[in-house]
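Asks: What follows is a single structure, and I will ask about it in a moment.
The values are calculated or read from the model by the stated rules, or taken from the named source; none is laboratory data. All figures in this text were calculated on a predicted structure; none of them were measured in a lab. Counting neighbours? That spans all protein chains shown, and the Cβs are built from the backbone with ideal geometry, glycine included. Just the protein is used for accessible areas: all its heavy atoms, side chains included, with ligands, DNA and RNA removed. Shrake-Rupley method; radii C 1.70, N 1.55, O 1.52, S 1.80 Å.
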Amino acid sequence: MGTLVEFTTHGTGQAQALSAIEAAGSEMQRIENLFSIYGEGSNPVKLFNQSPPGIMQQLPAEVATLLETALKVEKRSGHAFSPTLGALNKLWGFSQTEMPALPPPDGEISELSKASFACLQHGSEGSFSHNGSLCELDFGAIAKGYAIERGMEILQSHGINHAIINAGGDIKVIGTHGERPWKIGIRHPRNSGEVITTIEAAGEISIVTSGDYERYFNHQGRRYHHILDPHSGMPAARARSATIITSNAILADAWSTALFVMGHEGLPLIGKMGMNAILVDGNGRIHYSKNAESRLQPSRSPPMLRTSDIKTDP
Ligand code: ADP
Ligand code: MG
């Protein structure tokens, strides 16, 4: 997933914590191997993408379940989120080690964004087909949330009740830090090292941010980044960062990407679903979902904690 993962535990002996973390780390690596469409080696997602069009393929239950969740987010977000942007993402090249220097040709962008639109058919019990080679699954905006969710389940199964998993700023916490809540800083999308706010979290809380500062290049005075608006095939321009705060990390991950694309007009929907959000819009203005503001603390400098500040490995 191109990122460091940091584990923090509290209230458990070191030996127990280390073996729990090792097991959680392997589970997260397994999930990356299962879902990634990049790199060497085969997996069921790559095989599906290479399969002939129009023929139902049985996906492993785990992949089918995450795809079903992704399709619900796609529908509910009015196609701001799409799990079939694989070909378009590869065309842009943001997942390569080296950032591209130029945007791809307009004609190819619009061809691939049209081809990715509603291009899957759902058969019975976890079987799917696609309608052509330009319809490629890409779990880049949801698999990290799933990995965090599973990683936390593994920690808990090893008797850990107080912990943070931080995968490059996508965070889940459980329990507390002793008497105090965990404190999580939300990174400022432009001023690195600064936070826009600090969240006090106790219990099961996921805090996931999608930002335009992770993978991007500048060309002719414009920033091109890795979160694409499926309608245009272009980097989404309505936000600089979108943070979702809710218990489940899978939904937090998927909806942070969806909200990023929707911009602040997506906030009422997030509130309606019972989640909290902080959005930094395209002009740098900060918006909160209904009820979120009262739960959040304005930041003081220096920031108390910057666990969301770990840089991703480019
Ligand atoms: P990050 O991976 O940096 O935490 P996201 O969770 O927002 O950020 O996921 C971005 C990744 O998701 C991209 O690298 C790409 O693989 C994929 N993607 C880009 N735009 C969309 C979108 N509109 N819907 C779903 N997936 C997307
Ligand atoms: Mg996401």
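Asks: Looking at region 112-139, I want the residues that are assigned to a loop (DSSP other than H, G, I, E, B) and have a partner that is among the small types (Gly, Ala, Ser) and open to solvent by 70 Å² or more (accessible area, probe 1.4 Å) with Cβ atoms under 6 Å, at least 6 apart or on another chain. Which pairs are those?
Replies: 126/61
Asks: Another question, if that's okay. If you go through region 16-25 one residue at a time, do you hit one that is among the β-branched types (Val, Ile, Thr), touching a His at 6+ places or on another chain (Cβ under 9 Å) and more than 23 Å from residue 210 (Cβ to Cβ)? Break it down into steps so the answer makes sense when it comes.
Replies: Just the residues of region 16-25 that are among the β-branched types (Val, Ile, Thr), to begin with: 21.
Filter once more, so that each one left must be touching a His at 6+ places or on another chain (Cβ under 9 Å): 21.
From what is left, the residues that are more than 23 Å from residue 210 (Cβ to Cβ) are 21.
Among the residues of region 16-25, at least one is among the β-branched types (Val, Ile, Thr), touching a His at 6+ places or on another chain (Cβ under 9 Å) and more than 23 Å from residue 210 (Cβ to Cβ), which makes the answer yes.
Asks: Which of the residues belonging to region 170-184 are within 15 Å of residue 277 (Cβ to Cβ) and within 16 Å of ligand 2 (Cβ to nearest atom)? If you could, list the steps in order and put the result at the bottom.
Replies: The initial filter retains those residues of region 170-184 that are within 15 Å of residue 277 (Cβ to Cβ), namely 170-171, 184.
Listed by number, the residues that qualify are 170, 171.
Asks: Of (1) hydroxyl-bearing (Ser, Thr, Tyr); (2) within 16 Å of residue 145 (Cβ to Cβ); (3) open to solvent by less than 10 Å² (accessible area, probe 1.4 Å), residue 198 satisfies all except one. Which?
Replies: Every condition holds for residue 198 apart from (2).
Here's the yes/no breakdown for (1) surrounded by fewer than 20 Cβ atoms within 10 Å (Cβ to Cβ); (2) touching a Ser or Thr at 6+ places or on another chain (Cβ under 8 Å):
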position	(1), (2)
219	yes, no
240	no, no
243	no, yes
257	no, yes
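Asks: If you check 51, 26, 95, 42, which single one turns out to be open to solvent by 80 Å² or more (accessible area, probe 1.4 Å), over 14 Å from residue 142 (Cα atoms) and polar (S, T, N, Q)? Can you show your working first?
Replies: Values: 51 fails: open to solvent by 80 Å² or more (accessible area, probe 1.4 Å); 26 fails: open to solvent by 80 Å² or more (accessible area, probe 1.4 Å); 95 fails: open to solvent by 80 Å² or more (accessible area, probe 1.4 Å).
Only one candidate qualifies: 42.
Asks: At least 1 residues that are of a type in the set (Val, Ile, Thr) and within 16 Å of ligand 2 (Cβ to nearest atom) in each: list the strands (runs of 3 or more DSSP E) lying fully within region 185-283 that qualify.
Replies: Working: elements: 195-201, 205-211, 216-219, 222-225, 239-246, 276-281.
Counting at least 1 such residues, we get 205-211, 239-246, 276-281.
Asks: Still on this model: Of the residues in region 159-176, how many are more than 15 Å from ligand 1 (Cβ to nearest atom), buried (at least 19 other Cβ atoms within 10 Å of the Cβ) and either at pLDDT below 95 or over 22 Å from residue 210 (Cβ atoms) (or both)? Explain how you work it out, then say what you get.
Replies: Taking region 159-176 first, the residues more than 15 Å from ligand 1 (Cβ to nearest atom) are 159-164, 173-176.
From what's left, buried (at least 19 other Cβ atoms within 10 Å of the Cβ): 160, 163-164, 173-175.
Restricting the remaining residues to those that are either at pLDDT below 95 or over 22 Å from residue 210 (Cβ atoms) (or both) gives 160, 163, 174-175.
The qualifying residues number 4.
Asks: Can you tell me how many residues within region 67-105 are more than 11 Å from ligand 1 (Cβ to nearest atom), without any contact (Cβ under 8 Å) to a residue 24 or more places away in the chain and among the small types (Gly, Ala, Ser)?
Replies: Looking only at that region, the number is 0.
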